[in-house]
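Data block below; observations after.
The values are calculated or read from the model by the stated rules, or taken from the named source; none is laboratory data. Because the structure is a prediction, the values reported are computed rather than measured. Counting neighbours? That spans all protein chains shown, and the Cβs are built from the backbone with ideal geometry, glycine included.
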Amino acid sequence: MTSGFPGLASATSALMSLTGMSSFGAGVILIGLARLLLVVALFVLFTRVSDSHRLAGIAVIIYAGSSNFLYWGVQYSYESLSLPLLVAVLAAFAEREAASPKLLRAWVVPIVLGTLAVIVTHHLTSYALVIVLLALALIYRLVRSPKPNPWPFAVFAAVLAVGWMVVAAGNTVDYLSPVFSGAVSSFWNTIFGESKARGLFQSPSADIVYKTPFVARLVTLAAVGLLLLGYFAGFREAWARRAKRPFVILFCFGGAAFFATLGLRLAPGAWETGNRAGMYLFIGLAFVVAYAVLRLMRAGPRLLLRRAALLACMGIVVIGGAIAGWPWDSQLAQPTRITAGGTEIESEPITLAHWIGAHLPERKFAAADADARMILAPGGAKAKTGDALAIKTILPETSLSNWELPSLRGNGLGFIAADRRIEATDPGRGSFFYVPGSEGDALLPLAAMHKFGKRSLGRVYDSGNIVVFNLRDRP
């Protein structure tokens, strides 16, 4: 979907052209700036809505307890940029709401530019922005706010999102419809017992499931419980400000909706939808819970004890969110380089990438997800992976169908990297070393690799678990 939503890629390319740095360096800087924008925009938004810098700071800390904040949000992914842009647009709306009549027009430009940036960066975030603006327009109408209703911006965002989908990202419907339809059907099948519920702390799509320790699970569940208590404790005080701030109503309903999305995590085909929706709804939850925290921090008996308990609870929320947001074994990166007999050895995918960079740069490869990332950088070559050209299906098969090799060749691919490691399908784990005999060291049958040799494809590289075959060799 990158071609249909080129915002992140275009920004990275522009930074590379201006500075001459590598794609990796430009990506790190860009995502770092996006993270800074997210935190600053959240603080500005919460400050303007609550008229309290202290509450805004607390709410930002609580938002760090979102399961997607620490790990998912720092990936080089278009959602890592689009979410901060969405929050920046909301912060601009909040500032516009508090501005004098003379300055209302001045806020039109940043809002329009921010909306355009979101639309061309990520599909789901653009639709979330449309929904939020439409909801705000309705709330302004219901509470009869004296401030200008944002409905023109809501209509503008909706028209722009639909127009972009039709003109530049026509495959968005085909891409998203199976996700949403699958989520709905999986949710209902799980409710009525027609399919097995997904276990907590497990990924239904993973070939290998790593167990999260009991204490870590307990911390995560405690974090959810504290957030629920905090929401009920802070709701009354936040709701009391609804007449002056339509944003408060939006945040209160958003916080309640967050807990509704937790149910989706129990359905195998719906957990990812619930996880993605939660990162937007957590904004409202953090705002409401901050009122509960601020209330308990006020002067009274045993103030130091209460503040110490609040600090511990906020720590549980942040740590629990981090545990829930990423596989336990990948919370800290595994080694990519080891020393044996005084010699340093790099992991097989990284060694492969360096070899490709030295001997086959700019060539086109078919590879598993983790290998494809390494082939791109530092390998300096091009790679297809996943569902593209059925590569995800071809690599683990023990035999080849007659159409598969011609399909790869017909799409310009010159080489295929066959990897026996099951972890190679996991871009988050597949580049590391694992202890022989451990869960991460599981291998595909030898036939998955030998099937290419049976078609008389020449081996140009062999590291044991990874073999590169030349697709241009023909029987």
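Just to be sure before I move on: is Ser181 at pLDDT 80 or above, assigned to a helix (DSSP H, G or I) and crowded, with 17+ Cβ neighbours inside 10 Å in the structure I sent? Let's see the steps before the verdict.
Details: at pLDDT 80 or above: yes; assigned to a helix (DSSP H, G or I): yes; crowded, with 17+ Cβ neighbours inside 10 Å: no.
Against the criterion (at pLDDT 80 or above, assigned to a helix (DSSP H, G or I) and crowded, with 17+ Cβ neighbours inside 10 Å), Ser181 does not qualify.
The single condition from (1) within 14 Å of Phe251 (Cβ to Cβ); (2) surrounded by 21 or more Cβ atoms within 10 Å (Cβ to Cβ) that Thr47 fails is (2).
Within the range 101-118, residues that are in the same structural domain as Val130 (by TED's automatic domain parsing) and closer than 14 Å to Leu90 by Cα sit with their Cβ atoms under 7 Å from residues that are hydrophobic (A, V, I, L, M, F, W, C) and not in a helix (DSSP H, G or I), at 6+ positions apart or across chains, in these pairs: Trp107/Ala99.
When only residues in the range 427-448 that are in a helix (DSSP H, G or I) and modelled with pLDDT of 90 or more count, which is farthest from Leu376 (Cα to Cα)? Spell out how you get there, then give the answer.
Step one: of the range 427-448, the residues in a helix (DSSP H, G or I) are 439-441, 447-448.
Still in the running and modelled with pLDDT of 90 or more: 447-448.
On the way: Ala447: 27, Ala448: 23 Å.
Among those that are in a helix (DSSP H, G or I) and modelled with pLDDT of 90 or more, it is Ala447.
Per-residue answers, yes or no, for (1) β-branched (Val, Ile, Thr); (2) surrounded by fewer than 16 Cβ atoms within 10 Å (Cβ to Cβ); (3) touching a strand residue (DSSP E or B) at 6+ places or on another chain (Cβ under 6 Å):
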residue: Leu8; (1), (2), (3): no, no, no
residue: Ala26; (1), (2), (3): no, no, no
residue: Ile31; (1), (2), (3): yes, no, no
residue: Asp51; (1), (2), (3): no, yes, no
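Among the residues of the range 185-194, are any in contact with a helix residue (DSSP H, G or I) (Cβ under 8 Å, 6 or more places away or on another chain), buried (at least 16 other Cβ atoms within 10 Å of the Cβ) and within 24 Å of Val87 (Cβ to Cβ)? No - not one qualifying residue is present in the range 185-194. Please specify each residue of the range 40-55 satisfying the condition of being in contact (Cβ under 8 Å) with a residue 40 or more places away in the chain and assigned to a helix (DSSP H, G or I). Once the filter is applied, which keeps residues that are in contact (Cβ under 8 Å) with a residue 40 or more places away in the chain and assigned to a helix (DSSP H, G or I), the range 40-55 yields Ala41, Leu42, Val44, Leu45, Phe46, Arg48, Val49, Ser50, Arg54, Leu55.
Considering only the range 29-39, I want to know if a residue exists there that is in contact with a helix residue (DSSP H, G or I) (Cβ under 8 Å, 6 or more places away or on another chain), touching a residue at least 24 places away in the same chain (Cβ under 8 Å) and outside any helix (DSSP H, G or I). The answer is no; no qualifying residue exists.
Put simply, of Thr343, Thr336 the only residue that is at negative phi, of a type in the set (Ser, Thr, Tyr) and more than 30 Å from the chain's Cα centre (by Cα) is Thr343.
Can you work out which of the residues in the range 241-268 that are of a type in the set (D, E, K, R) and touching a residue at least 12 places away in the same chain (Cβ under 8 Å) is nearest to Trp326 (Cα to Cα)? Steps first, answer last, please.
Going residue by residue through the range 241-268, those that are of a type in the set (D, E, K, R) are 241-242, 244-245, 265.
Now restrict to residues that are touching a residue at least 12 places away in the same chain (Cβ under 8 Å): 241-242, 245, 265.
Details: Arg241: 36, Arg242: 36, Arg245: 35, Arg265: 14 Å.
Residue satisfying both the conditions and the ranking: Arg265.
So is Ala9 within 27 Å of Leu160 (Cβ to Cβ) and touching a Pro at 6+ places or on another chain (Cβ under 7 Å) or not? It is false that Ala9 is within 27 Å of Leu160 (Cβ to Cβ) and touching a Pro at 6+ places or on another chain (Cβ under 7 Å).
Scanning the range 11-21 for residues that are in a helix (DSSP H, G or I), hydrophobic (A, V, I, L, M, F, W, C) and surrounded by 14 or more Cβ atoms within 10 Å (Cβ to Cβ) yields Ala11, Leu15, Met16.
Are any residues in the range 99-125 touching a Ser or Thr at 6+ places or on another chain (Cβ under 7 Å) and surrounded by fewer than 20 Cβ atoms within 10 Å (Cβ to Cβ), and if so, which ones? Even if it seems obvious, please write down each step before you answer.
Step one: list which residues in the range 99-125 are touching a Ser or Thr at 6+ places or on another chain (Cβ under 7 Å), which gives 118-119, 121-123, 125.
None; the set is empty.
Inclusion of Phe24 among residues that are farther than 11 Å from Pro84 by Cβ, in a helix (DSSP H, G or I), touching a residue at least 60 places away in the same chain (Cβ under 8 Å) and out of contact with any helix residue (DSSP H, G or I) (no Cβ under 8 Å at 6 or more places or on another chain) is warranted. Residue check: Gln75 meets all listed conditions (1) surrounded by fewer than 18 Cβ atoms within 10 Å (Cβ to Cβ); (2) at pLDDT below 95; (3) under 24 Å from Pro110 (Cβ atoms) but one, namely (3). Just one of the listed residues (Phe214, Phe180) is free of Cβ contacts under 8 Å to residues at least 12 places away in the same chain, of a type in the set (Phe, Trp, Tyr) and on the phi < 0 side of the Ramachandran plot, namely Phe214. Only a single item in (1) more than 17 Å from Asp462 (Cβ to Cβ); (2) free of Cβ contacts under 8 Å to residues at least 40 places away in the same chain; (3) of a type in the set (D, E, K, R) is not met by Asp426, and it is number (2).
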